[in-house]
Amino acid sequence: MRTKTICFLNRKGGVGSTLFASHTVYYAHALGFAALGLSLDQNNDMAEFLTPTLPWADATENVPPGPWDLRVVDVWACSNVAHTLRPDLWVMLMDSPTAFHNGMRAIAEELVGPVLCVWNRRLPDPSDPLPLRVPEALAGRVSFADVRVPNRSELWEMRPGCLWASDVDSAGAKDMLGVVSEALARVGLHPPGAPPPQNFPKVPGSASRGIHRDYRAREEAALAGIIAALGQG
């Protein structure tokens with residue numbers, strides 16, 4: 001089976017990309033797939049959720065060759081290399097009109113491939129006389145997830161690690177499970193509507209690797225290697 005790649009990005013930070021990207025790795029692992037988390041974020045916060053049990057790597061330093069069934073890439077909101085990536089699916093979380101407009105602009109100007117958008121935290125008001133609409137030119141490759149995630153305290157106040165391992169019955173966990181399940185179904189790794197796995201790995205979480213102050217230079221210097229490692233070169 002060809003390795004599938006899912007990239008999480010929104011040009012507005014703080015929308016939950018790292019949280020959902022990390023849990024996508026958890027979900028795929030629980031299904032029995034060899035899943036790798038890749039950080040293209042200067043904070044490398046993915047390490048907090050996946051270490052020490054599940055594999056992850058700083059993509060500017062090293063992309064382990066695998067074999068992998070799935071690579072999940074957490075892309076920094078200010079990344080300079082997003083336009084070079086060619087994943088099987090982009091996942092874009094949106095928590096406000098600003099995130100929506102930033103996302104549509106990024107899709108139109110730089111992102112290649114299908115995009116799954118997810119309303120997150122602040123849901124659109126159905127009574128709004130000027131609803132947010134996907135531009136007609138993007139309608140062929142942009143769709144919204146069936147699951148809309150309200151402002152769930154258990155998601156935004158959780159400690160690093162896997163939410164499903166500690167609070168699988170909470171409303172937030174079920175919302176996240178629905179989003180991640182749909183993303184995997186979109187790349188052919190999980191049949192739509194299939195029951196979720198029963199056991200998720202218990203990972204305590206670790207400290208972040210910390211901010212790389214020279215991240216832009218490191219990201220650009222690693223560009224050729226990132227593209228080749230992700231099979232896009």
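The values are calculated or read from the model by the stated rules, or taken from the named source; none is laboratory data. Only a predicted model underlies this, so the values are computations on that prediction, with no experimental measurement involved. A quick note on method: Cβ atoms are made from the backbone with ideal geometry, for glycine too, and the neighbour counts reach across all protein chains shown. Protein only, heavy atoms only, side chains kept; ligands, DNA and RNA dropped before computing areas. Shrake-Rupley method; radii C 1.70, N 1.55, O 1.52, S 1.80 Å.
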Ser79 passes all but one of the listed conditions (1) under 15 Å from the mean Cα position of the chain (by Cα); (2) open to solvent by 20 Å² or more (accessible area, probe 1.4 Å); (3) among the hydroxyl-bearing types (Ser, Thr, Tyr); the exception is number (2)
Checking the structure you have, find out if any residue of the range 102-115 is acidic (Asp, Glu), modelled with pLDDT of 90 or more, under 30 Å from Ala217 (Cβ atoms) and touching a strand residue (DSSP E or B) at 6+ places or on another chain (Cβ under 8 Å).
no
Taking the range 43-65 and keeping residues in a loop (DSSP other than H, G, I, E, B), closer than 20 Å to Pro87 by Cα and open to solvent by 40 Å² or more (accessible area, probe 1.4 Å) leaves Pro55, Glu61, Asn62, Pro65
Among helices (runs of 4 or more DSSP H) entirely inside the range 96-181, those with 1 or more residues being basic (Lys, Arg) are 97-109
* **Flag if Ala183 is touching a helix residue (DSSP H, G or I) at 6+ places or on another chain (Cβ under 9 Å), of a type in the set (A, V, I, L, M, F, W, C) and modelled with pLDDT of 90 or more** => yes
Within the range 96-119, residues being in contact with a Phe, Trp or Tyr (Cβ under 8 Å, 6 or more places away or on another chain) and either under 21 Å from Ala171 (Cα atoms) or without any contact (Cβ under 8 Å) to a residue 60 or more places away in the chain (or both) number 6
Filtering the range 138-178 down to residues that are charged (D, E, K, R) and over 19 Å from the mean Cα position of the chain (by Cα) yields Asp167, Asp169
